[in-house]
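In what follows, a structure is listed as structure tokens, so that the remarks can point back to it.
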Amino acid sequence: MNYNVPRNVPQNVSQDNMEDQIISLIQKNNKISTEKMAMILGVSSKTVKRRIKEMERVNYIGRGSNGHWEISEEG
């Protein structure tokens, strides 16, 4: 038996499509947490945070549960 097989491998979420999915989730609920986004997308919250950091249009305004996401128009 091979014990080095990874477990809980995320679903095949296209990296290009993930940005659109994150934006869609934020548009539906601008107070959604990165943990909840990760659950919906089937990836880790660290992956979601990394992807959001790469997205110049998406910003978190405020702190913690009092904050919200904002999406700026593409320029």
Looking at the stretch 44-74, which of the residues that are farther than 15 Å from Gln21 by Cβ and of a type in the set (Asp, Glu) is least open to solvent (accessible area, probe 1.4 Å)?
Glu70
Restricting to the stretch 19-41, give me the number of residues that are open to solvent by less than 30 Å² (accessible area, probe 1.4 Å), touching a residue at least 12 places away in the same chain (Cβ under 8 Å) and over 12 Å from Ile71 (Cα atoms).
4
May I ask you to list the residues in the stretch 16-75 that are among the small types (Gly, Ala, Ser) and assigned to a helix (DSSP H, G or I)?
Ser24, Ala38, Ser45, Gly64, Ser65
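The values are calculated or read from the model by the stated rules, or taken from the named source; none is laboratory data. Quantities reported herein were computed from a predicted structural model and do not represent experimental measurements. So basically every Cβ, Gly included, is an ideal-geometry build from the backbone, and we count neighbours across all protein chains shown. Ligands, DNA and RNA are stripped out before the accessible areas are found, and what is left, the full protein with its side chains, is counted by its heavy atoms. Shrake-Rupley method; radii C 1.70, N 1.55, O 1.52, S 1.80 Å.
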